[in-house]
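*Asks:* One structure is given below, represented as structure tokens, and several questions about it will come after.
The values are calculated or read from the model by the stated rules, or taken from the named source; none is laboratory data. Small disclaimer: the values here were computed from a predicted structure and weren't measured. Neighbour counts run over all protein chains shown; Cβ positions are idealised from the backbone, glycine included.
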Amino acid sequence: MSNPTTRRTFFLGAAAAAAATRVWGANDRINVAIVGLGGRGTNHLNTYSRLPDARVAGLCDIDQASREKAQATLLKNNSEKAKEFEDMRQAFADPGIDAVSIATPNHWHALATIWACKAGKDVYCEKPACYNVYEGQRMLQVSRETKRMVQIGSQHRSTPFKINGIQALQGGIIGKVYMAKGLCFKRRVSIGHKPDSPVPPGVNWDLFLGPAPMRAFNELRFKYNWHWFWDTGNGDIGNQGVHELGICRWGLGDPEWPKSAVAMGGKYAYTDDQETPNTLLATYDFGGRELMFEVRGLLTGGEGVVPPPRRQRPTPGAPPDTPLPVANPTPGSLGLTVPGTGNLFYAENGWMAMNDGGFQIYKGESNEVVMEQKLERGPGGDATGPHMENFLSACRSRNASELHDGIANAYLSASMCHLGNISYRVGRKLNLEAGPHFTGDAEANKLLTRDYRKPYVV
């Protein structure tokens, strides 16, 4: 009998060769396989079903029930039934699949992307780009070697009002930006405790764990709550937070590695099985500029909702040390939700607030609103559709520079999450060298990668 690994390598190689010779016609639809059919994967399915340039041709999940549910959704969307795959490698080896859209847990993002690229498939992969820093570097290397398009699901880069706001910021509307702050005040309730239990029928638990250590099945480590365990997730800084960290970097002009990173926090208020912190404050020094990020999963107020008081001119004839009178400002029409997620930018001549509802820019001592824009709501509710359209366009043009957030930039945003988590886990400030590498800190350097479970090795 032939070796399964050799056989799989042959099929992946054949698929890659076929993809390399593909020439797209103007009316050809790109056949997409969706890998991971949970909440975000269902969003992928519904979005691709609406896009005229795409056809959902494959559905892949380690859970049979999820595949059946996705097939029903496809039929509801007036689409034809798709091929089903339990193992993503089967989808990658299929010559009828042109591209893959990955919505697995974080710990699978890199290996799935690398396997797909080597099989000749273009890749749309959910955020964060990678589970650790090393994986992001490997994803970038392989995408360049195979000349595959790899777009990361940071759809804020395709959101029109955010594009306009960041362009205004970088254009100097309030001067040089000295601080960017990301906020994730997203309420998270306790996950409680649950004992290990038998693997549910139809679930391939080995494939779910993949690169992670083998453990007994536990419901809390499955279906979304995997975010809160170090084996498979990165906490909320690597869940919702990677969006805000990406926007922070964008507002600062997408710098690469900081000079240092430090994070402090903990898991407060709850006694449950969650491993990752529910409160975290991370700071990154970019040399003359600072990036800050904060997670608060507990009950909290907001930040940046109401502008600070306006400073008025001194009263004529008053002594020099007379306090300036203060007038309450008229808040902008927007503002961060309470609690909520979003970004604050501070510059030499003013500040800016941005969230998923829009942005405002305040200038000068009077906090005058000099620019604001609201989200224009349309079909789909967010920018996932335009972001996927951008990906499909690059698949046709074969020009990676067209991608709104390709792997070369997106893995750096993900790495900010990982640097913060590493600092939190070792309990100290980290100084970075090029590479990146932590100066004189073997414990922290070990966390740049992980011990992989064979055969799921990046």
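*Asks:* Can you list residue pairs whose Cβ atoms sit under 6 Å apart, with the first residue in segment 163-186 being at positive phi and the second being at pLDDT 95 or above? Count only pairs 6 or more apart in sequence or on different chains.
*Replies:* G175/A347; G175/E348; G175/N349
*Asks:* I'm trying to understand the selection: among the residues of segment 156-176, which are surrounded by fewer than 21 Cβ atoms within 10 Å (Cβ to Cβ) and either in contact with a Ser or Thr (Cβ under 8 Å, 6 or more places away or on another chain) or not polar (S, T, N, Q) (or both)?
*Replies:* P160, F161, I163, A168, G171, G172, I173, G175, K176
*Asks:* While we're on this one: Would you confirm whether any residue within segment 201-212 is small (G, A, S) and either in the same structural domain as C60 (by TED's automatic domain parsing) or closer than 23 Å to C248 by Cβ (or both)?
*Replies:* Scanning segment 201-212 turns up no residue that is small (G, A, S) and either in the same structural domain as C60 (by TED's automatic domain parsing) or closer than 23 Å to C248 by Cβ (or both).
*Asks:* Considering every residue within segment 362-376, establish whether at least one is free of Cβ contacts under 8 Å to residues at least 24 places away in the same chain and not in a loop (DSSP other than H, G, I, E, B).
*Replies:* yes
*Asks:* Six or more apart or on different chains, Cβ under 9 Å: which pairs go from a residue in segment 381-406 that's on the phi > 0 side of the Ramachandran plot to one that's not hydroxyl-bearing (S, T, Y)? Could you list them?
*Replies:* Correct list of pairs: R398/K147; R398/M149.
*Asks:* Only residues that are hydroxyl-bearing (S, T, Y) and either within 13 Å of T47 (Cβ to Cβ) or in contact with a Lys or Arg (Cβ under 8 Å, 6 or more places away or on another chain) (or both): list them for segment 353-404, please.
*Replies:* S366, T384
*Asks:* Could you tell me whether segment 397-417 includes any residue that is more than 20 Å from the chain's Cα centre (by Cα), part of a helix (DSSP H, G or I) and buried (at least 21 other Cβ atoms within 10 Å of the Cβ)?
*Replies:* Checked against the condition, which is being more than 20 Å from the chain's Cα centre (by Cα), part of a helix (DSSP H, G or I) and buried (at least 21 other Cβ atoms within 10 Å of the Cβ), segment 397-417 yields no hits at all.
*Asks:* Within segment 76-91, does at least one residue satisfy the condition of being within 18 Å of the chain's Cα centre (by Cα) and assigned by TED's automatic domain parsing to the domain that holds A57?
*Replies:* No; the residues of segment 76-91 include none that is within 18 Å of the chain's Cα centre (by Cα) and assigned by TED's automatic domain parsing to the domain that holds A57.
*Asks:* Return only the number of the condition from (1) over 27 Å from C117 (Cα atoms); (2) in contact with a strand residue (DSSP E or B) (Cβ under 6 Å, 6 or more places away or on another chain) that P198 does not satisfy.
*Replies:* Result: P198 passes all but (2).
*Asks:* Restricting the first residue to segment 442-455 and requiring it to be under 19 Å from L111 (Cα atoms), which pairs with a second residue that is surrounded by 10 or more Cβ atoms within 10 Å (Cβ to Cβ) and of a type in the set (G, A, S) meet a Cβ separation below 7 Å and a spacing of at least six or different chains?
*Replies:* Here the result reads R453/A212, each pair linking segment 442-455 to a residue that is surrounded by 10 or more Cβ atoms within 10 Å (Cβ to Cβ) and of a type in the set (G, A, S).
*Asks:* Does any residue of segment 323-332 turn out to be out of contact with any His (no Cβ under 8 Å at 6 or more places or on another chain), modelled with pLDDT under 95, buried (at least 21 other Cβ atoms within 10 Å of the Cβ) and not aromatic (F, W, Y)?
*Replies:* no
*Asks:* Assess whether A216 counts as being within 22 Å of V35 (Cα to Cα), out of contact with any Gly (no Cβ under 9 Å at 6 or more places or on another chain) and of a type in the set (A, V, I, L, M).
*Replies:* For A216, the condition - within 22 Å of V35 (Cα to Cα), out of contact with any Gly (no Cβ under 9 Å at 6 or more places or on another chain) and of a type in the set (A, V, I, L, M) - is not met.
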